[in-house]
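The values are calculated or read from the model by the stated rules, or taken from the named source; none is laboratory data. The shown structure was predicted, so the numbers you read here are calculated from the model rather than taken from an experiment. With ideal geometry, Cβ positions are generated from the backbone for all residues, glycine too; neighbour counts draw on all protein chains shown. Areas reflect the complete protein model, heavy atoms only, side chains present, ligands, DNA and RNA absent. Shrake-Rupley method; radii C 1.70, N 1.55, O 1.52, S 1.80 Å.
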Amino acid sequence: TSTPEAPHKTVGALLFWFSTLGGALAWILHLGIGWGVTETTCSSGHERINGMPFTYLVAADVVIPGLVALTATVTAWRIWRNSDPDARAGTDRRLGRVHLLAGVGFCANLLFVAIIVFDGVALLVFPSCLS
């Protein structure tokens with residue numbers, strides 16, 4: 001049987017895991033797309049892929065995963081702030097684990113946002129094809 005709070009638990013769990021792992025997944029997406037765009041551009045010997053300039057593709061590859069990672073960062077911060085076990089006397093240990101993982105997710109997601117931005121800058125500043 002399904003209880004009315006079952007969908008809320010599912011959404012809460014998905015949101016929690018997004019806040020913990022969202023930045024890493026966005027970085028993996030950024031890394032794969034950036035590598036593919038660079039390799040395609042270099043192997044074709046052109047500055048465009050299907051008529052689209054390389055810089056536009058790099059910008060999209062930075063902005064979209066960067067926004068996902070930033071959203072995960074904000075979500076982790078909100079979960080961390082709302083799950084403070086010291087503010088809730090008599091709560092169980094699960095809330096403490098949620099608080100810890102949300103804090104770790106917040107710090108990690110900030111790092112992934114920085115990595116995505118700096119990698120995008122490097123793709124635009126340094127020559128992508130050295131041969």
Find all pairs meeting these conditions: Cβ atoms under 7 angstrom apart; at least six residues apart or on different chains; first residue within segment 20-49 and within 11 Å of residue 68 (Cβ to Cβ) and open to solvent by 40 Å² or more (accessible area, probe 1.4 Å); second residue part of a helix (DSSP H, G or I) and of a type outside the set (S, T, N, Q). 27/65; 27/69; 27/112; 27/115; 27/116; 29/65
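Would you be able to say whether some residue in segment 86-93 is under 22 Å from residue 112 (Cα atoms) and either open to solvent by 80 Å² or more (accessible area, probe 1.4 Å) or at pLDDT 80 or above (or both)? First the steps, then the outcome.
The first filter runs over segment 86-93 and keeps only residues under 22 Å from residue 112 (Cα atoms), leaving none.
No, because not a single residue in segment 86-93 is under 22 Å from residue 112 (Cα atoms) and either open to solvent by 80 Å² or more (accessible area, probe 1.4 Å) or at pLDDT 80 or above (or both).
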Take the residues of segment 24-82 that are charged (D, E, K, R) and in a helix (DSSP H, G or I): which is farthest from residue 107 (Cα to Cα)? 39
